[in-house]
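Below is one structure, written out as structure tokens; the observations come after it.
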Amino acid sequence: MRRAISNILIVVLTAVIVFSGYRLWNIFHEYREGEKQYEQAASDYVHTRDPENTAVEKADIGPQECPISVDFDGLIRENPDVVGWIYCEGTQINYPVLRGEDNDTYLHHMINGQYNSAGSIFMDFRCEPDLSGYNTIIYGHHMKNGSMFASLHQYTKQSYYDEHKYMWYLTPGHIYRFDLIAGYVGDAEAEIYTIFMERGELDSYLSFASSVSTFEPDHMPENINGIVVLSTCSYEYDDARYVVVCVPVMMD
């Protein structure tokens, strides 16, 4: 009897180990497939500018020329839902931004339409692709391998902000420099995930974001007419999010 019970336990434990191993393999395989897909997209459609032709950063103004260019004709032929490309030098943020018919479309699907837990970087479907609203929201997963928007959580440290004060956002029509002005841990149901309809809502939110920011920006632009909020999961508590607030500056 004891031998039979021992054999059953061995079979059960072996099955658990095999299943757990399969799950881990599947997770890492999925991560790698996602990385390969977006590495290929960057290789196919993004070109780094010649450093000799890139304008140097001007004091108190920021960098004056985007370090990359993007072939949007090719990108949009691959997927017409592409609305932009986001890039942060020295980080893993180098991705197309998609906008689906709802916010589930690219939550777990890549640019090629395949299912993947990493999903895509995507814009809230309620926002205008030209960033003309008071608040434009862009989402990305916080992947354990550091991909997608995982690095946003590094802005909880002032030293990280000091090294990555700007991002770049390119669209088929314009190039924007994103000046980062605040970052904080908030709730998934917070006010920022509504679409602001009045200027007063934007002004109130900017005051709040500045008061709770985990970093101090070099400067706060005057007369801010709109912001872009980058959002990812955070793990301080259930349904926590880390958001980075950016002011888009048109560079062309």
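Readers should treat all values here as calculations from the given coordinates under stated rules, not as data from a laboratory. Just so you know, these numbers come straight off a predicted model, no measurement behind them. FYI the Cβ positions are ideal-geometry reconstructions off the backbone, even for glycines, and counts take in every protein chain you see.
Determine the shape class of region 134-219: with a ≥ b ≥ c the square roots of the Cα gyration tensor eigenvalues, call it rounded for a/c under 1.5, and otherwise prolate if a/b is greater than b/c, oblate otherwise.
Because its axes are fairly even, with a/c under 1.5, region 134-219 counts as rounded.
Determine which aspartates and glutamates satisfy two conditions relative to LYS157: a Cα distance under 19 Å, and not lying fewer than 8 residues away in the same chain.
Cα-Cα hits under 19 Å: GLU89, ASP179, GLU216, ASP218, GLU236.
What FRET efficiency would be calculated for the residue pair LYS36, GLU201, taking the C-beta separation as r and a Förster radius of 45 Å, to the nearest 0.05?
Given R0 = 45 Å and the Cβ-Cβ separation, E is 0.65.
May I have the extent of the alpha carbons of region 43-250 along their three principal axes, as whole Å values ordered from largest to smallest?
Sorted largest first, the three principal extents are 42, 41, 34 Å.
Starting from 0.36 nm per residue, how many nanometres of slack lie between LYS157 and ASP252 once their C-alpha separation is accounted for?
Full extension of this stretch gives 31.1 nm more.
What percent do you get for the relative contact order of region 43-250 when only Cα pairs under 8 Å and 6+ apart count?
19 percent
Please give the peptides 94-103, 205-214 ranked by average Cβ packing (other Cβ atoms within 10 Å per residue), highest first, as a rough proxy for protection.
Most protected by this proxy first, the peptides run 94-103, 205-214.
Once both labels are modelled 7 Å past Cα along the beta-carbon direction, what's the ASN223-ALA240 spacing in nm?
Taking the two extended label points, one gets 3.9 nm.
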